[in-house]
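Input: a single structure, listed below in C-alpha cells.
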C-alpha cells in the first residue's frame, strides 16, 4: 500500500468523527499554544532588554568605585590620562555624577536627574544633537553653568519652543541651555529623553560632593572589551590593593547574563508547557486504544482482504500522527493569535520564533507517532479470525 | 507462483486442527483429505461444531493446520507466517461473509477498492477493476452510496464485487445467504451459479443442506471428519432418504 493511500485513509477516518478527533487533539492544541505563547512573550521581553542594552553601546564599560574613607581612589584626570595612554584599548571616557534637582523655566517646573559628564558623555550614551552643542572640554575646567537637555525636558519646560540660549534654573542656579538632544526613546518621562547633562565639574559643586564614584568608558571595539576590562582592573588594583573597592563591568557582559537568564526562563516555561503536550500524547494513546478495540472487526476485514501487519500498523500510526499534526497546526495558529492578544493587552513586545513553531510542530507529530505506536502495534497483531468474529 | 497442471487448485492432505482445552485435546478437524479442481463449485456442509468453519479458515489462509499439508495452487502454505498468508489472501482468495463485512465508513467504491490497494494495484487499473466488478453485480449506479444506504441483498452483492475485484483463484463464501430473506438468498445463490458457469472456482460453506444440495459437488463434515463427498444430485437423494427415515408415517 502506498503512503498517500494511508494518509487518505487516516484523514477520512478522522474527519468522520470530528468531535472525537477534536477532543483527542485538545491536549496537543493547548500544549502547543502554551509553548508558542510563552516563547513569544519571553522572546519579546528578552529582545526588548537586549535592544535597551545595545542602545547603551555594547563596547561600553562601567567602573564603580566604592571609595576608601571618603576619598576618591581615581581622579577624573587620572582616568583621562589612562585613556590617552592606552588609546588602542579605550576611546571615550566620562565621569558620571548624578544629582536629583528641580528644574525651572519661567513658571514651568519639574524634577529631573541632572547628570554631570565629560565632553564624551553624549557619545557614550548614544545621544545626537538636534540643536546647539554638547558639553565641551573647555566647559570642564571653567566649570561653566551650561546644560544640554533631552527632548522630554525641552518639551516640558520650553513647550517645544526655542530652548537653546534660554536660561534654565537648576536648584535655583541659572544655567544656559546650549544644546538639545535628538529624541532617543519615545519622549516620555521614563525614557532616555528625560535628561539634563552638565559638565561633571559643575555637577560636583551642585551635588556638594567631591567624589566621583562612577565612570563610563568605551573600548575601541567589541574585540578589545576584554583587554580594556583587564587594564582597568589591574590599574585599580594597583591603586587600591583591594578588589572590593572597585567594580568594572561591561554592557556585553550584562547582556550575556540577561540572555542566559531569559534562556533559562524560556526553558523552564517551555518545560511546564511541555507537560501539557505529554498529557495530550497520553490522550491520543487512550483514544487510539479505544479506537482499536472498536474497530477490531474492521481490522479483521482488512486482514482478510490482504492487509498485512505493516499496512495496519501504518494506518493507525499515521492516523495518530495526522491527528496530532493537525492539533499542532491549530495550536500554533491559536498560540500566535493569543500571543499577540496578550502582548497588546499587557503592552509587551511579541517575537514569534520560527524555530519554536517548527519545534512545536515536529514535537506534536513525534508525540502522535510515539503514543500511537503501541495501540497500532496491538491492532496489527490481532488474529484475523478472532477479529472477524468480534461483536 | 508456478502453474502446475497436475495439481488440484485446493488440496487437503490429512489435515487436522487440534485445540488444547486444558488437559484434553480437541480435534476441530480430524484427518481430512480432499481435492478441489479449478472451476469447481463445491459446498462444504455441516452442523455447527462439524469443523466446517475451521476448514474454511484453513482454505482461506486465515489459519494454518496443526497436522497435514495444505496445497493452494500447488503451493504448500501451512508453514507461512502472518504476512505471507495475508499476501496469499489478497492475491488468491475472495471472501464473501454472512454479515457482508463491509467497512461502514467507506462507500461502495472504496470498499471494493480495498483489496486492490493492499495488493498495490496501480490507481488506473484499480478504477477499471472496481467498476468492472460493480457492473458485474449490477450496482454500478450505487458507487458512492454508503453501505447502510443499501439493502441486505445489495450489501452482499457489494461484498461479492469486492471478492471479484481482486481476480481471485477461489471465491470463498461463508454462509452468504444466512442473513438474507429466502428470495434474496435464492438470487445470491443463482448469482454464484452464474459466476461458476463463467469459470470461477467457488467454495461455499453452509449449515443448510438445501442450499448445499444446489452445488454440483458437496462435502459433508460431521464431528471434524469428512463423511460425504458426492455430487449435488446424490446429496439430494440422500437427503430424501434421510427425511423419509425421520418422517413419521
Being at pLDDT 90 or above, in contact with a strand residue (DSSP E or B) (Cβ under 8 Å, 6 or more places away or on another chain) and not in a strand (DSSP E or B) is the requirement here; does residue A:134 meet it? yes
Matching residues, the range A:107-126, being surrounded by fewer than 21 Cβ atoms within 10 Å (Cβ to Cβ), part of a loop (DSSP other than H, G, I, E, B) and in contact (Cβ under 8 Å) with a residue 40 or more places away in the chain: A:126
Does residue A:304 count as touching a strand residue (DSSP E or B) at 6+ places or on another chain (Cβ under 7 Å), under 30 Å from residue B:93 (Cα atoms) and within 14 Å of another protein chain (Cβ to nearest Cβ)? yes
Does residue A:124 count as within 30 Å of the chain's Cα centre (by Cα) and in the same structural domain as residue A:182 (by TED's automatic domain parsing)? yes
Can you find even one residue in the range A:155-163 that is crowded, with 17+ Cβ neighbours inside 10 Å and modelled with pLDDT of 90 or more? no
Return the residue satisfying two criteria in turn: it lies in the range B:67-85 and is within 14 Å of chain A (Cβ to nearest Cβ) and free of Cβ contacts under 8 Å to residues at least 12 places away in the same chain, and of such residues it is farthest from residue B:226 (Cα to Cα). B:83
Of the criteria (1) surrounded by fewer than 23 Cβ atoms within 10 Å (Cβ to Cβ); (2) in a loop (DSSP other than H, G, I, E, B); (3) at the interface with another protein chain (Cβ under 10 Å from one of its Cβ atoms); (4) modelled with pLDDT of 90 or more, which one residue B:99 fails: (4)
Take residue B:64 and tell me if it is surrounded by 23 or more Cβ atoms within 10 Å (Cβ to Cβ), closer than 20 Å to residue B:169 by Cβ and within 14 Å of chain A (Cβ to nearest Cβ). no
Failed item in (1) in a strand (DSSP E or B); (2) within 14 Å of chain A (Cβ to nearest Cβ), with residue B:58 passing the rest: (1)
Of the numbered conditions (1) in a strand (DSSP E or B); (2) modelled with pLDDT under 90; (3) under 35 Å from the mean Cα position of the chain (by Cα), residue A:93 fails exactly one; give the number of that condition. (2)
Being assigned to a loop (DSSP other than H, G, I, E, B) and surrounded by fewer than 15 Cβ atoms within 10 Å (Cβ to Cβ) is the filter here; which residues of the range B:106-142 pass it? B:120, B:122, B:138
What is the number of the single condition among (1) touching a residue at least 24 places away in the same chain (Cβ under 8 Å); (2) farther than 30 Å from residue A:89 by Cα that residue A:184 does not meet? (2)
Would you tally the residues in the range B:18-55 being without any contact (Cβ under 8 Å) to a residue 60 or more places away in the chain, part of a strand (DSSP E or B) and either within 19 Å of residue B:229 (Cβ to Cβ) or away from chain A (no Cβ under 14 Å) (or both)? 7
Among the candidates A:332, A:318, A:287, A:367, residue that is in contact (Cβ under 8 Å) with a residue 40 or more places away in the chain, within 30 Å of residue B:161 (Cα to Cα), touching a helix residue (DSSP H, G or I) at 6+ places or on another chain (Cβ under 7 Å) and buried (at least 20 other Cβ atoms within 10 Å of the Cβ): A:318
What number goes with the only condition from (1) farther than 23 Å from residue B:37 by Cβ; (2) over 19 Å from the mean Cα position of the chain (by Cα) that residue B:68 does not pass? (1)
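The values are calculated or read from the model by the stated rules, or taken from the named source; none is laboratory data. Just so it is clear, the structure is predicted and the values come from calculations on it, not from any experiment. When we count neighbours, we look across all protein chains shown, and the Cβ atoms used for this are built from the backbone with ideal geometry, even at glycine.
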